[in-house]
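These notes are about the structure you will find just below.
The values are calculated or read from the model by the stated rules, or taken from the named source; none is laboratory data. These figures come from a predicted structure and were not determined experimentally. So basically every Cβ, Gly included, is an ideal-geometry build from the backbone, and we count neighbours across all protein chains shown. Just the protein is used for accessible areas: all its heavy atoms, side chains included, with ligands, DNA and RNA removed. Shrake-Rupley method; radii C 1.70, N 1.55, O 1.52, S 1.80 Å.
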Amino acid sequence: MDLRALPIDKWSEWALMLLLLLIGIQMRNSGMRLRQILLNPWGMKIAATVILSSWLGSLLAAQLLGMPSSHALALASSFGWYSLSGILVADKLGPVLGSAAFINDLGRELIAILIIPVLMRRHPSAAIGYGGATALDFTLPVIQKSGGIQVVPVAIVSGFILSLLGPILILGFLAI
């Protein structure tokens, strides 16, 4: 059997959709309304904090590494979305910086999976924020298991905002 013929990308997409559906059903069964989930001020504040702190860190790194600020801001603006950042950055800045963006975001996600359970006990905002854009999908089960169903709407709003702004900000900074 040829493994390349299997539609693994479609299966993983459907598995993610099923997971999000089940989490949505669980949130609805716990009494949460759609408005409470989508218009969550806590999630919005976490997303804004992640954006600002990522940009501040990238500007400091740009100074230390002697690279243009716009390049550093582009690398920082993916907020953990490694499958997107590597491609967009490599297309404009070359394979070395594209690989750096990919490794940076992949490392962020792996570390997030490890530290979210520890951070969630005392600093739930930091735990959700460290998930970045992946708080909407990949790290959401870890966030839910560590913090309970009540932090899921916060993570969804934060992850959604970061996922929505990521490509726009990356391309905007790369255009400078």
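For the pair L59 and I8, the difference between a 0.36 nm per residue extended length and the Cα-Cα distance amounts to 14.5 nm.
Kirkwood hydrodynamic radius computed over the stretch 80-137 comes to 11.8 Å, based on all pairs of distinct alpha carbons. Note that the stretch 35-145 presents 53 Å² accessible area per residue, ligands and nucleic acids not counted, probe 1.4 Å. A straight chain from V96 to L171 at 0.36 nm per residue would run longer than the Cα-Cα distance by 25.3 nm. Label point of I103 set 7 angstrom out along Cα-Cβ; within the stretch 56-73, amide nitrogens under 16 Å from it belong to 65. The accessible surface of the chain, taken with every protein chain in place and a 1.4 Å probe, is 70 percent carbon and sulfur. Springs between Cα atoms under 10 Å define the GNM used for the chain, and in it the highest mean-square fluctuation of S69, S12, S54 occurs at S12.
Remark on the chain: Rg and Dmax equal 17.1, 52 Å (Cα only).
Which residue, chosen from L140, H71, G166, occupies the Cα position most advanced towards the positive end of the dipole of the stretch 22-176, where the dipole is computed from +1 (Lys, Arg) and -1 (Asp, Glu) charges on Cβ about the Cα centre? The one lying farthest along the dipole's positive direction is L140. The gain in end-to-end length when the L110 to L39 segment is fully stretched comes to 22.7 nm, 0.36 nm per residue minus the alpha carbon separation.
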